[in-house]
Amino acid sequence: MNALELLAQGEEQNPLIPPIPELVIGLIAFAIVFGFLAKKLLPNINKVLEQRREAIEGGIEKAEAAQSEAQDVLEQYKAQLAEARHEAARLRQEAQEQGAALIAEMRAEGQRQREEIIAAGHTQIEADRKQAAAALRQDVGTLATGLAGKIVGESLEDVARQSRVIDRFLDELEEKAEAAR
């Protein structure tokens with residue numbers, strides 16, 4: 001065939017437009033494949049997509065529920081912590097008050113014991129003073145009687161008289177000492 005014939009034949013057949021029988025067979029095959037995909041594959045794809053959507057939404061709901069529960073637990077923890085701190089402060093205050101009361105009680109007991117010791121000391125000093133005064137009176141009386149007996153030249157052996165003289169002499173000395181003060 002020569003080039004002219006090919007050119008004439010090319011004008012009859014446009015390469016962009018397929019022959020009609022091929023076009024009909026292509027459309028029928030497309031309809032069959034599309035129908036198969038629409039009946040079998042598309043429901044499965046929709047089913048899988050729905051399951052994924054439900055899983056994602058369920059996961060989000062579970063995460064929100066877990067977050068809400070965690071927030072509740074955190075609030076409970078904070079409340080318990082605040083209560084524990086309050087209780088600790090109360091116990092600390094109570095211990096300080098008890099300590100202060102115990103210190104005050106011990107001071108009062110120490111003061112009472114000190115007063116008892118001082119009173120006992122004063123009593124002992126007074127008893128010792130009276131005993132010393134009595135012993136001194138007796139010694140002074142004996143010495144004075146002996147001295148008076150030597151001065152007067154006679155014996156003052158009478159005990160009752162000796163006692164009266166000594167007492168009168170010592171009383172006079174005490175009156176003079178008190179008057180001098």
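The values are calculated or read from the model by the stated rules, or taken from the named source; none is laboratory data. No experiment lies behind these values; they were computed from the predicted model shown. Cβ placement follows ideal geometry from the backbone for every residue including glycine, while neighbour counts extend to all protein chains displayed.
Descriptive notes on the structure:
- Taken over region 166-181, the criterion of being of a type in the set (D, E, K, R) and modelled with pLDDT of 80 or more is satisfied by Asp171, Glu172, Glu174, Glu175, Lys176, Glu178.
- Every pair of residues 6+ apart whose Cβ atoms lie under 9 Å, when the first sits in region 117-143 and is closer than 19 Å to Arg168 by Cβ while the second is among the acidic types (Asp, Glu) and assigned to a helix (DSSP H, G or I): Arg137/Asp167; Gly141/Asp167
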